[in-house]
1. Helix-only estimate, please: 222 nm mean residue ellipticity of the protein assembly as shown, summing -39500 (n - 2.57) across DSSP H runs of length 4 or more and dividing by its residues, to the nearest 500.
2. Would you tell me the accessible area of residue A:8, worked out with a 1.4 angstrom probe on the heavy atoms of the protein chains, in Å² to the nearest 10?
3. Probe radius 1.4 Å, ligands and nucleic acids ignored: give me the carbon and sulfur share of the accessible area of the stretch B:19-115 as a rounded percent.
4. Mean separation of Cα pairs under 8 Å and 6+ residues apart, divided by the residue count of the stretch B:33-133: what relative contact order is that in percent?
5. Relative contact order for chain B: what is it in percent, counting Cα pairs under 8 Å that are at least 6 residues apart?
6. Starting from the residue with the highest accessible area, list A:41, B:74, B:163 in decreasing order, probe 1.4 Å.
7. Taking R0 as 51 Å, what FRET efficiency do you get between residue B:135 and residue B:181 from their Cβ-Cβ distance, rounded to the nearest 0.05?
8. Which value, in Å², gives the accessible area per residue of the protein assembly as shown when a 1.4 Å probe is used on the protein heavy atoms?
Amino acid sequence: MDISNGPHWSPYLVGILIGFLNILALLFSNRAIGASSSYAKISGIIVQKINKDYIEKNEFFKKNPPEIDWGVMLIFGIIIGSFISAIISGDFALIWVPNLWTYLISPAIMPRMLTALAGGIIIGIGSRWAGGCTSGHGISGTAQLSPISIAASISFFIGAISTAAIFYGL
Amino acid sequence: MKFNHNKNIQRFLGLMIGIAFGFLLHKGGVTKFDIIVSQLRLKDFTVLQIILSSIIVAMLGISYLYPHKIISLKAKRGSLQNAVIGGLIFGVGFALLGLCPGTIAGSVGNGSLDSLFAGLTGIIIGSFLFAVFYKKLRILGILKEDKYSGKSLFDKIEGNPFKYTLPAALILTALLIVIEILLV
């Protein structure tokens, strides 16, 4: 927690605290931390405004009702928490293109936006297909010794490391 | 606990846990594309260090709390097949976006406009597309549930779970030490 060391803490300390936070979530709200399912709920909430009938008849949304629940609030919380930390450590900066992307690909905004959009769409499909993401399967599910979560977590990184090698180069 | 069933208290707890989670994700540096893509290119190991240390703590905590019936488990439903196919699809998007569903929310808080206007929008669109094709994927048998659905190995362990989770924690710690010595 050396301030001169920039905005960041030791990854081990952060990991240990996230581990405790997972326990707190189970203890106080009977929920395992996971981010991805909330995006499906948010999509349902948005589409509901335009076509309520479709959402009511859709099999997925029958099982996963689109409502602002614990998980959707968790997403808003993550945005706020990261913002607070970024502001107090002087690390908040509005940027369109990440530095490493500029270095590896290009400083232009459009290629980054299109790739982020495509990557986001693929993540949305993949996370619902697998039933979770890096937090839900990777941390919460693996710590609960769920075979499905362990298989998903390994697959996330196999897919991501190979794609990164092809797309960004070695 | 009784207040679990009150929707507004649940929302408030979700918000509070989210704020703490987002704060920690930023402190860990993983609200940044640069750190995550460097991990995926095996040039930096911050992401793995955070994930493995959090698994160790949460797993050991569960090993004590679950047998004492203080918490219940929330193992996800599905199948190994869904996990592997969906996981590989996820991985492709994870590398292109350079962030995952939790860390992208953190990167929005950190000021990334590509995350806000493109990445986040993409995840919402992708999740909706999945919902649209969900019924068809189930009818075709591509999405299914197997014997691992909703299961945790904690329920297979007879007696004290620490006899398995303590050695597992030591192996993960050894892995972190090896990464620290050889790669960092």
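1. The helix contribution divided over the protein assembly as shown gives -21500 deg cm²/dmol.
2. That residue has around 50 Å² of solvent-accessible surface.
3. 67 percent
4. RCO, the stretch B:33-133: 24 percent.
5. Rounded, it is 33 percent for chain B.
6. Largest accessible area first, the list is B:163, B:74, A:41.
7. Rounded to the nearest 0.05, the efficiency is 0.50.
8. 44 Å²
The values are calculated or read from the model by the stated rules, or taken from the named source; none is laboratory data. Everything quoted here is computed from the prediction, not taken from an experiment. Every residue, glycine as well, gets a Cβ built from its backbone with ideal geometry; the counts of neighbours run over all protein chains shown. Surface accessibility is based on the protein's heavy atoms, side chains included, excluding ligands, DNA and RNA. Shrake-Rupley method; radii C 1.70, N 1.55, O 1.52, S 1.80 Å.
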